[in-house]
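Here's the structure, in structure tokens; my notes come after.
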Amino acid sequence: MRENSDTSEAGRPFPFWMRRRFLLVLVWTVLSCIPSWGQPEGVHLSLSATGKGEKQFMTVLWYSREAGAVQFIRYGLTEKELPKMVKADSYGMEGSFFHKGEMTKLTSSTRYYYQCGSDKSGWSSVFTFVTPPKKGKPHPFTVGIFGDTQNNEFNEQFQKTAEIVGRLAEVRPDLTLHMGDVVNNGSVTADWLSFLRIAQPLAANAPLMLTLGNHDVENAKGPRFQHPFSSFNGLFSLPGKGTDYSFDYGNVHFVCLFSGVAPVAAENGLLRYGPDSEERRWLERDLASARKSRHTDWIIVFVHYPPYSFGWSNVKRWQETIAPIIDRYGVDLCLSGHRHVYERHHPLRNGQPAVDGWGITYVTNGTAGGSPQGTGGSDYPTMAFTPAERMYNYAIMSVVGKSLNYEVFDSAGEKTDEFELNCLR
């Protein structure tokens, strides 16, 4: 006799309506455990626009997998009430759909809450951020700094990067800077998406401002040499042209330089910021204006290829091109990446250690994912500190008026270096 599985304990068959209801509940339960195909992923903030006076803008970007999904941003001053809503601009590329929207008329130095998505596709978690201080205001703020997150050896799935992101997210910085080489191969859109998904706990709560590295752009010589890939243009919304740009954050003027593929460019007469180049004219105008401004206490440059570095990462022609401009306009701090070793140089003036006051501090920020490289450089003439062992690392920079504190940590959260700068102007 065949056993009937659709029976009660007494052996009577379950009514059809009960069997149907059970199946519907089962299907609903299974589907509810699967993220919606249109669910927002890779949520990140960007300071792509600047406000006038007290009013600020904040751009939100994310991606989803659902075709034709209309998505929104809703935001407000409390986590439970998000009364303002704006529709996102969307377009598809390589099977994903990119979304971008702006939160407008925000007040300076104010905490906001937001989420993105839709009722149909599902909403993201509620994230939070603090708007930048009004230009020139010495309001204290914290910057998370990392770079070279490329998904190569030991970081194929951005697992090492995830550790660094977790450490930075615990600090809850107001702003993040990335030193370039975001991915190992900028032509692979899936890698950009994976990075943004990993970076979301940090970048969804603090604007992600980055410079491009040599792994992020076209390396082959030709008409597209040193050009960003379409993935970058779709997934990020940075000031200016998105490669060379600047922005003010309180009493600090940040300048992002795009060093391209400096070694190859130097050999072929294609080095960026050369004499009479468009980007050099822009940079000199920008730095001159910032240096004259009564609102600016600090000028901080961030770039991928370091102007000063030990070993093969030191591209002499790049140093000879960019360092004199940095000197001329009194930049206070130059942050870079590329070499997967942390390096801090003595404050320099015209390439020599400054002995009587002001000098430019150059820092190479090591790696937050790309395979750590060999140590060395402690005997380099300008070197102030470099660790004796390989490590992944990140930095926390705190700006309080005319005082700047810079702390460096390894992936376990142990402090490896610290220095302080004081504005002498």
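Just so you know, all these numbers are worked out from the coordinates, no wet-lab data involved. Quick caveat: nothing in here was measured; it's all calculated off a predicted structure. Note: ideal-geometry Cβ built from the backbone for every residue, glycine included; neighbour counts use all protein chains shown.
Tabulated results
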| item | result |
| --- | --- |
| Three-way shape call for segment 41-130 based on the alpha-carbon gyration tensor, with the a/c threshold at 1.5 | prolate |
| Length released on extending from Ser293 to Asn314, taking residue separation times 0.36 nm less the Cα-Cα span | 4.3 nm |
| Three-way shape call for segment 224-300 based on the alpha-carbon gyration tensor, with the a/c threshold at 1.5 | oblate |
| Choice from Asn184, Asn151, Asn233 with maximal GNM fluctuation in the chain (Cα, 10 Å cutoff) | Asn233 |
| Ser259 long-range amide H proximity, modeled H, under 5 Å | His304, Tyr305 |
| Backbone N within segment 133-161 under 20 Å of label point (7 Å from Asn422 Cα along the Cβ vector) | 138-141 |
| Estimated [θ] at 222 nm from DSSP helical runs (n ≥ 4, -39500 (n - 2.57)) normalised by residues in the chain, nearest 500 | -6000 deg cm²/dmol |
| Rough spin-label spacing in nm, given labels placed 7 Å along Cα→Cβ, for Arg285 and Glu267 | 3.5 |
| Amide H partners (placed H, <5 Å) of Met383, local residues excluded | His346 |
| Span from the segment 207-224 Cα centroid across to the segment 137-169 one, whole angstrom | 19 |
| For Lys316, Lys134, Lys84, order by how many other beta-carbon atoms lie within 10 Å, fewest first | Lys316, Lys84, Lys134 |
| Positive dipole terminus of the chain, leading residue within Gly234, Pro387, Leu257 (C-beta point charges) | Gly234 |
| Dipole in debye (nearest 20) - the chain, about Cα centre, beta carbon charges: Lys, Arg +1; Asp, Glu -1 | 1460 |
| Options Ala203, Ser309, Trp192, ranked by Cα towards positive dipole end of the chain, top entry (Cβ charges) | Ala203 |
| Prolate/oblate/rounded label for segment 148-290 (Cα gyration tensor, a/c 1.5) | oblate |
| Distance from segment 186-202 to segment 236-264 (C-alpha centre basis), Å | 20 |
